[in-house]
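First comes the structure, then the notes that go with it.
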Amino acid sequence: MTHLLRSTKALSWKRRCSNGRAVVGEYTEPDIYLIEDDIVIVSSLNIYSLMNNLENLGYSSWLDDKLDPKQAMHEIARVVSVHKESYLISKGGEEVFAELSGNLMYSADSTLDLPTTGDWVYADFFDDDSHAIIYGLMPRRTLLKRKSVGKKVDFQLVAANVDVAFIVQSLNENFNLRRLERYLVMVNAAGIRPVILLSKCDLVSELEMNTLKAEALSIAPDVEVLALSSVSQQNISVLLGALKAGETYCLLGSSGVGKTTLLNCILGDGVFKTGSVSKIESKGRHTTTARQLVQLENGAIILDTPGMRELGAISVDEGLNDTFSDIIEMTHQCRFSNCSHTNEKGCAVLSAIEADELLGARYQSYLKMKKESDFNEMSYLEKKAKDKNFGKMIKSVMKNKQR
């Protein structure tokens, strides 16, 4: 039996071919696919070329089982950057400006339902791939997010489908263990592997560099820490050697720590604009204003992010447990299961602080982030419930008007 179908979407056919069917030929008339018995005849789109292009952008077998049959009529692309309500996406060739379909835009309950840099999306391309429309999101393997800046309690998406996060702190007045803990919580909450990069090591002595490196390891003993310099090129080759083709990396850190300079050093040119740092406060200027994926010559994909001056915690319980695993382990050793770790006898946490086995500042940092995260999560859920009830009321009013 022969089925004649019209589609420009070769990817879904590649999946159907995987269970024994063979691709046998290429035809010039676009959009025509024939299935005869167990043989698929594919038209002008070359499936394997298409898959190679997507794999170059980081597409992996993890996504194979996540394909939505309802979206089979669309192509798959990756979000390269986001500019307010417009997107730059790619399916392995040129980058194309895209916008959301009306259904995707208005059915989104929160920012979590909208695309962010690094997302895989279902999209249609038009006019020789000059523009596109995004119809849906593929499941995310990882999602890096924080609380939105200011008093508004909502999620702000940073990046999706990141494999490794490079947390950058410079070895000058910017170095701050409490800030580093916040970044570690955010990265661990996303399920992303953290690596700490201590930049500008040319500005300090070797003794000071080793001291600060030891301090970083004291709060993250299982995390790789690398001191480097974009000026002297120290350890840049080590970093380059660790970047793997097809994996996605992101650079996180405050303004002025040298993220963009480091990215230019990795790329080998001055593609991205850099800025100076105030000598008085060691505060940098925002030279990166948007998140954008960049592919390196070796096939690795890297994302630079704007400097973050606020790292609000929201729904980061797993990140807290991973980052402060030493404290969590101590709480299990307390004499009483309901110990509040404030003044009880037999409290393992208080005993560790008294014995200088746990820094009081680290414990206070943990308490502050946990309270902050719980409060923001509760506020977010309450707001979401109010919005849902308000929506139901509007629907009820409109329904009564139509009677």
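Observations, loosely collected:
- Residue within the stretch 269-288 that is at pLDDT 60 or above, touching a Leu at 6+ places or on another chain (Cβ under 8 Å) and surrounded by 12 or more Cβ atoms within 10 Å (Cβ to Cβ) present: no
- Condition met for S90 (surrounded by 15 or more Cβ atoms within 10 Å (Cβ to Cβ), among the small types (G, A, S) and either at pLDDT 90 or above or closer than 25 Å to A300 by Cα (or both)): yes
- When K383 is tested against the conditions (1) farther than 28 Å from I192 by Cα; (2) surrounded by 12 or more Cβ atoms within 10 Å (Cβ to Cβ); (3) modelled with pLDDT of 80 or more, the lone failure is (3).
- Elements of type strands (runs of 3 or more DSSP E) contained in the stretch 69-150, each with 1 or more residues being over 30 Å from I167 (Cβ atoms) and not β-branched (V, I, T): 75-83, 96-100, 120-126, 131-137
- Conditions (1) at pLDDT below 95; (2) among the hydrophobic types (A, V, I, L, M, F, W, C); (3) surrounded by fewer than 20 Cβ atoms within 10 Å (Cβ to Cβ): number failed by L207: (1)
- Note on the stretch 166-258: enclosed helices (runs of 4 or more DSSP H) holding 3 or more residues that are touching a residue at least 60 places away in the same chain (Cβ under 8 Å), under 23 Å from the mean Cα position of the chain (by Cα) and outside the structural domain of I327 (by TED's automatic domain parsing) are 177-189.
- Filtered by the rule that a residue be in contact (Cβ under 8 Å) with a residue 40 or more places away in the chain and of a type in the set (V, I, T), the stretch 110-137 gives T111, T116, T117, V121, I134.
- Among the residues of this structure, V164 does not count as one that is among the hydrophobic types (A, V, I, L, M, F, W, C) and either modelled with pLDDT under 95 or buried (at least 23 other Cβ atoms within 10 Å of the Cβ) (or both).
The values are calculated or read from the model by the stated rules, or taken from the named source; none is laboratory data. Just so it is clear, the model here is predicted, and its values are computed rather than measured. Cβ atoms come from the backbone with ideal geometry, glycine included; neighbour counts cover every protein chain shown.
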